[in-house]
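Here's the structure we're looking at; comments come further down.
The values are calculated or read from the model by the stated rules, or taken from the named source; none is laboratory data. In this text the structure is predicted, and so the values were computed from the model without any measurement. Cβ atoms come from the backbone with ideal geometry, glycine included; neighbour counts cover every protein chain shown. SASA here: full protein model, heavy atoms, side chains in, ligands and nucleic acids out. Shrake-Rupley method; radii C 1.70, N 1.55, O 1.52, S 1.80 Å.
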Amino acid sequence: MDNETLMLEHEQDEHYGLQHHFENQEQQKDASTIGMWTFLLTEIMFFGGLFLAYFIYRQWYPAAFAAASNNTDLWLGAANTTVLICSSLTMAMGVHAAALGKRTMLVLFLVLTLMLGGIFLGVKAYEYHDKWVKHEIPGAHFECRDEKGAPCADEQHTQLFFSLYFGMTGLHASHMIIGFGILLVLIVQSWQGKFTSGWHTPIEMFGLYWHFVDIVWIFLFPLLYLIDRSGRGLH
Amino acid sequence: MIEAKYPVREKKNYLNAEHGLMSWLLTKDHKRIAILYLYAVTFFFVIGGLFAALIRLELATPAGDLLDSNTYNKVFTMHGVIMIFFFLIPSIPAILGNFLIPLMIGAKDLAFPRINLISWYIYMVGGLIGTFVVCTGGVDTGWTFYTPFSSSYSNGYVVLTALAAFINGFSSILTGLNFIVTVHRMRAPGLTWFRLPLFVWAHYATSAVMILGTPVIAVTLFLLMLERGLHIGFFDPAYGGDPVLFQHLFWFYSHPAVYIMILPSMGVISEVISTFSSKKPFGYTFIAFSSVAIAVFGFLVWGHHLFVSSQSAYAGMVFSVLSYIVAIPSAVKIFNWLATMYKGNIRLETPMLYAIGFMGLFTIGGLTGLFLAAMGMDVHLTDTYFVVAHFHYVMVGGAVTGYLAGLHFWWPKMTGRMYPQGWSKVSAIMVFTGFNLTFFPQFLLGYMGMPRRYHVYPPEFAVLNVLSSAGASLLGIGFLIPGIYFIWSLKYGKLAGANPWGATGLEWQTASPPPTENFAITPVVTHEAYDYSTVVHEEEVVHVG
Amino acid sequence: MMEAKSFQLFPEQASTIAAHVDGLYAFLVLVSAFFSLLIAFLVVWFAVKYRQRPDSPAVPAHADDHSAGAMVLEIVWTVIPLGLSMIMFAWGVSIYFTESRPPADSMEIYVTGKQWMWKIQHMEGAREINELHIPIDRDIKLTMTSEDVIHDFYVPAFRTKADVLPGRYTTEWFKPTKVGEYHIFCAEYCGTKHSGMIGTVYVMSQNDYNEWLAHGSGEGSMAEQGQALFNQLGCGNCHPSVINNQNGRCPNLVGLFGTRVELKDGTNVRADESYIRESVLYPESKIVAGYDNIMPTFKGLISEEGMLKLVEYIKSLRTKNGTMSTATPLPVQTGATPQTPTKAGAMKTAARPAGAVPAPAAPQGTR
């Protein structure tokens, strides 16, 4: 039996994908949705602690933070933002395709999302490498130098900015990597015809997660890259 | 060999449905997962209790003659870390909540059974790391991990301990998430929100705190681990950071955490007092909403741990007034429970003895919290034994007493066996007496000025410390005895019927122990909660063949 | 050392605030005792009076009560605790605000906490370890910092404590009312010898205190030692400390302390102890308006105790008369002379040059 036939058969079966402890599909879908939103709420609290630390230290040491922020690459950051927003678009299109029962379109859009996510991670890796080369990674090898090569004015708080930079973007990136992994699994399952227009909850739930990861980046980008772009960088 | 007095139960239930270790380690049955938690949590309670015994043994004399200072500091730290993260926070929700919530709402399981099992494994990983730390040298920062001592000065396993707590937090988050979705979406037909048992309300409020608060301690510990590992200055002034910021972030979770520990206990007390008064809880709606109010206001008071930390006096005022406001719903509960007993049919079974003990001990604990909420009073009392006494009254006299009440109340449902009543009542009284003797003198010590976390102390504090240590011995025995008779009851206890206490609630309408699917047919609820006129009091049933 | 006290339930009331704190405590104890006993009594009474008897009905007659009377009860037992709580709140705030506002003419003493000892410096130069000698009936303000982790300076007899933080200054004040010896405890866990970081406050009559002060370390006042540091570190090369000597590169320090300073970014800040400390260690964080960011940092070149001496010196420049110019060498001490403590740290017989190790003022505290 080929995948298309399998999918059509599953379309008729109202118990397809229903777990034994649920009464009906609607209850199961509601439970999954409430569960995913609740989980995203916990993620907001998780990132929130880092955002709070960032806001407080930025308030106290604006000069050091501004100078350090100028050292992030504005164009790479903007490019990444565009890439991620597009990946949210392709993900939403994928959910739509699943709802219409269009297997090929679903797989296509999931693969596009994967590729865009991969580009994001690649750019991030490049940025991190660049920071490694310039000794901007906090820790034993951190060196803070201004344009003339002299030690910068406030090394400790510049290092603090970079710590928050790596902490926040690192946490974000790890969420993307996890999403990447789940997306791979979903692509394989979609290809095998597992999802029908009647039941494609994992696609929808993953979509929520992916959009959340995107929104976190939309907050991170201005805070880390855009504020106080006075033109005076560290190097 | 002693023969079992009653014929062995043959009826299929969740305990004998499948056999073998893997059927337990890969189970998706919420009842089996609850039992897995029971074993693990009890193990950590014993370890934490051993550390407590060491503390009280050392403090029986003013000099540091039992342990050296570093060891003592590790002992009290590990006592706190284990008791809070590995015992108190999971205890009632992960054991009683997991077992009972689906039964109480007429469901076959929680919304996410596999996530439930994963939460146990996460707990075990965190616990294993914690155990490893204990065995290889421990950590000496106090369970509060204040910086810069923890980030730059301690010689203990700070990162590993923080990691253990960090990992454990995810177990808590998943449990809370599961409960919220379950209560929202899996109630049986006819079971409206205001027909829910108060135990469920309490766990719903607790779950909200778990999911909103725990991620904050997770990220705080994450930052602490980074700081200690890489010498980054989030919290150490030597590297440009702020130690008071750590305190704010830490207490933002750790204060709501105490409501995670007490709310489920209050849920138990509502059930027990109602059952053993044969009366609907007085002010049901008020008790239900008070749980929600405590959860909400509990997030707004963390600064009362920072009155002497250089926090601004104006911020302190806000935290102080909110701390008084958060106390009011708890007072409302106590009065409603009293009113429930008024003109009831009171039976002083063991769970009821614990519940009555709770009312007295939690009242004292809660009232002494009011001392600490007064800023000018807190300046003298903070970081003294007054605080130690206060939190042990609410956490042991409150949370643990409620946990024991719940264990004794639902034991027959969970195991199908009854424990010996004489012994259970004796140990309840021992716990109550031993507890008071241990911790009441500590209020006096605190006002006298004895600081907490002191390995040695001036001789004028000796008498009260000796009293406290004497009480601890009694308390320890009081905790030990149930361990013995609970295990004994599994083989030799009287077989229990479906409803040995004459309680209301859907869990009592299915067999003891329940079958794996909980109910043969999904129940339909047609009457209000706590309707004692319809209760079937099934003391014991003997099934043969 | 303090003699071992016999068994007590209350610490002595040895400060002006102690009686107020004890008053609030008494109120709290009364309210708590009342409600605890009431609830205990009711629980026991109900358990006895309403216990199930063989002739009790299966379901009590009052199993359902949703009367208006119930609502009244709920309101009453919400409002009364709320009212009592607000009294406790207001009372607590009032005591706290008194405790957090040292009177303007307080005698200042500097405390440095480090693992595991208290180092105390009197303005006049006397230094102590784990002991604090103070005169009775004077407002005493402690300015405190830590050299390592968080500590807390707690005197139960005065009913006050405050955390002692690394990297900043915190304050605590009290007015002793009773001659005697009282415990000092560290009240924030700080490592191995946390419980050994204890000491004694000696409250003395004013005369006894003056006498004690006279026998203090012969190094000169803190301000004088601060001036020596000021010279030693070359601060005077840029900062004028003589009035009317304007140097375009650096702000004048005479009359600076306690005034409002306009900063380059438009904000203004009060020139208090923390500002002085921050300016020396992190000069780039607050640039004064009209000046450039050219001051080097002195981090690592000055200890916390030295910093407090510098602060005292700069405080002493508050007066319009100024001090001797930085070019004048310090006179060598001929002998300790009794001096009454004053705020104007002007011409005093100086001590041995700063940096010399003083003889310990008192034996070490108990473990």
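Tabulated values for the structure
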read-out: Where a residue in the stretch C:8-27 is farther than 13 Å from B:His380 by Cβ and in the same structural domain as C:Ile136 (by TED's automatic domain parsing) and its partner, wherever it lies, is β-branched (Val, Ile, Thr) and at pLDDT 95 or above, with Cβ under 8 Å and at least six apart; value: C:Thr16/C:Thr177; C:Phe27/C:Ile87
read-out: Sole exception among (1) assigned to a helix (DSSP H, G or I); (2) open to solvent by 40 Å² or more (accessible area, probe 1.4 Å); (3) modelled with pLDDT under 95 for C:Asp65, by number; value: (1)
read-out: Neighbours by Cβ (under 7 Å, 6+ apart or cross-chain): first from the stretch B:67-88, in a helix (DSSP H, G or I); second among the acidic types (Asp, Glu); value: B:Asn70/B:Asp140; B:Tyr72/B:Glu58; B:Asn73/B:Asp140; B:Lys74/B:Asp140; B:Thr77/B:Asp140
read-out: Some residue of the stretch B:456-471 being under 27 Å from C:Phe10 (Cα atoms), open to solvent by 60 Å² or more (accessible area, probe 1.4 Å), at the interface with chain C (Cβ under 10 Å from one of its Cβ atoms) and not acidic (Asp, Glu); value: yes
read-out: Some residue of the stretch B:362-375 being touching a Gly at 6+ places or on another chain (Cβ under 6 Å) and open to solvent by 10 Å² or more (accessible area, probe 1.4 Å); value: yes
read-out: Unmet criterion (only one of (1) out of contact with any strand residue (DSSP E or B) (no Cβ under 9 Å at 6 or more places or on another chain); (2) at pLDDT below 75) for C:Met1; value: (1)
read-out: Selected residue [within 17 Å of the chain's Cα centre (by Cα) and under 24 Å from C:Val311 (Cβ atoms)] from C:His183, C:His151; value: C:His151
read-out: Total residues in the stretch A:79-94, condition hydrophobic (A, V, I, L, M, F, W, C) and open to solvent by less than 30 Å² (accessible area, probe 1.4 Å); value: 3
read-out: Entirely in the stretch C:150-231, the strands (runs of 3 or more DSSP E) that have 3 or more residues that are within 14 Å of chain B (Cβ to nearest Cβ) and free of Cβ contacts under 8 Å to residues at least 12 places away in the same chain; value: none
read-out: Those residues of the stretch A:92-146 which are under 30 Å from B:Arg228 (Cβ atoms) and of a type in the set (Val, Ile, Thr), in sequence order; value: A:Val133, A:Ile137
read-out: Within the stretch A:113-141, considering residues that are of a type in the set (A, V, I, L, M, F, W, C) and in a loop (DSSP other than H, G, I, E, B), the one least open to solvent (accessible area, probe 1.4 Å); value: A:Ile137
read-out: Residues located in the stretch B:254-283, provided they are more than 18 Å from B:Leu100 (Cβ to Cβ), more than 16 Å from the chain's Cα centre (by Cα) and part of a helix (DSSP H, G or I); value: B:Ser277
read-out: Test: B:Tyr403 is surrounded by 24 or more Cβ atoms within 10 Å (Cβ to Cβ), at pLDDT 95 or above and under 30 Å from C:Ala157 (Cβ atoms); value: no
read-out: The one condition in (1) surrounded by fewer than 24 Cβ atoms within 10 Å (Cβ to Cβ); (2) within 14 Å of another protein chain (Cβ to nearest Cβ); (3) not small (Gly, Ala, Ser) that B:Thr141 fails to fulfil; value: (1)
read-out: Residue among B:Ser323, B:Ser330, B:Ser290 that alone is touching a His at 6+ places or on another chain (Cβ under 6 Å) and either modelled with pLDDT of 95 or more or open to solvent by less than 20 Å² (accessible area, probe 1.4 Å) (or both); value: B:Ser323
read-out: B:Ala208 vs. criteria part of a helix (DSSP H, G or I), away from chain C (no Cβ under 14 Å) and open to solvent by 10 Å² or more (accessible area, probe 1.4 Å); value: yes
read-out: Of the criteria (1) facing chain B (nearest Cβ under 9 Å); (2) more than 16 Å from C:Gly199 (Cα to Cα), which one C:Asp139 fails; value: (1)
read-out: Positions within the stretch B:225-242 being in a loop (DSSP other than H, G, I, E, B) and open to solvent by 30 Å² or more (accessible area, probe 1.4 Å), in sequence order; value: B:His231
read-out: Qualifying residues in the stretch C:125-149 (those that are crowded, with 24+ Cβ neighbours inside 10 Å and part of a loop (DSSP other than H, G, I, E, B)) - the one modelled with the highest pLDDT; value: C:Val149
read-out: Residues of the stretch C:11-48 classified as more than 7 Å from chain B (Cβ to nearest Cβ) and either within 30 Å of C:Glu181 (Cβ to Cβ) or of a type in the set (A, V, I, L, M) (or both), total; value: 21
read-out: Qualifying residue in the stretch C:280-287 (condition: modelled with pLDDT under 90, open to solvent by 50 Å² or more (accessible area, probe 1.4 Å) and assigned to a loop (DSSP other than H, G, I, E, B)); value: yes
read-out: Scope the stretch B:415-465; condition of a type in the set (Ser, Thr, Tyr) and in a helix (DSSP H, G or I); matching residues; value: B:Thr415, B:Ser424, B:Ser427, B:Thr433, B:Thr438, B:Tyr447
read-out: Number of the condition not met by B:Ala107 [criteria: (1) in a loop (DSSP other than H, G, I, E, B); (2) in contact with a Pro (Cβ under 8 Å, 6 or more places away or on another chain); (3) within 14 Å of chain A (Cβ to nearest Cβ)]; value: (2)
read-out: Some residue of the stretch B:107-124 being without any contact (Cβ under 8 Å) to a residue 40 or more places away in the chain and either at negative phi or more than 14 Å from the chain's Cα centre (by Cα) (or both); value: yes
